[in-house]
């Protein structure tokens, strides 16, 4: 991770914080994301995709679970905007997504409350359905089959 990867550095630091500190800081940063211009959003997403696999999985899992819980409680517009941004960047640079422990990420998702899982699944399905055929095929190749089954896509 480069010294200029401020978002990545923040992510690494957030991952090591206890829940009571991590969650409000992460929520504030996520809300700030929506006030950024498209170039800044793209940079933040790329930095997050770069930083994630460098974090020890135990810390990453806590951070990712907090992120999912926060995003499940955002407005549909914000949730869709966030997931859409990650999906678009993953389509451009699939190697960044592949660097993650996708089976571990699925396990974290499965730990969520039923309503949180349904909310997230519905948003992701909606985004994938609205991709063009080529993008949809590409993203479905990247998503492990067991994740597709749980997301019902």
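None of the figures in this text is laboratory data; all of them are computed from the coordinates on show. As the structure is a prediction and not an experimental result, all values here were calculated from the model. Every residue, glycine as well, gets a Cβ built from its backbone with ideal geometry; the counts of neighbours run over all protein chains shown.
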Note: the range 22-153, point scatterers on Cα, Debye, no solvent; log10 I/I(0) at q = 0.10, 0.11, 0.14, 0.22 Å⁻¹ equals -0.29, -0.36, -0.61, -1.91
Expected max-MSF residue from 59, 46, 130 in the GNM of the chain (alpha carbon, under 10 Å) is 130
If one builds a Gaussian network model of the chain from Cα atoms under 10 Å apart, the most fluctuating residue listed among 43, 76, 111 is 111
So for R0 = 41 Å, FRET eff. of residue 59-residue 134 from the Cβ-Cβ r, to 0.05, ends up at 0.70
Distance in nm between residue 77 and residue 152 label points, each 7 Å along Cα→Cβ, equals 2.7 nm
Most fluctuating of 18, 53, 94 in the GNM of the chain (C-alpha, under 10 Å) is 18
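Computed FRET efficiency, Cβ-Cβ of residue 16 and residue 125, R0 22 Å: what is it to the nearest 0.05?
Plugging the Cβ-Cβ distance into 1/(1 + (r/R0)^6) gives 0.10.
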One finds the C-alpha centres of the range 13-27 and the range 91-135 to be spaced, in Å, by 22 Å
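Express in nm, to one decimal, how much length is gained between residue 93 and residue 112 on full extension, taking 0.36 nm for each residue of separation and deducting their alpha carbon distance. Can you show the working numbers first?
Numbers: separation 19, 0.36 × 19 = 6.84 nm, distance 2.77 nm.
Extra length from residue 93 to residue 112 when fully extended: 4.1 nm.
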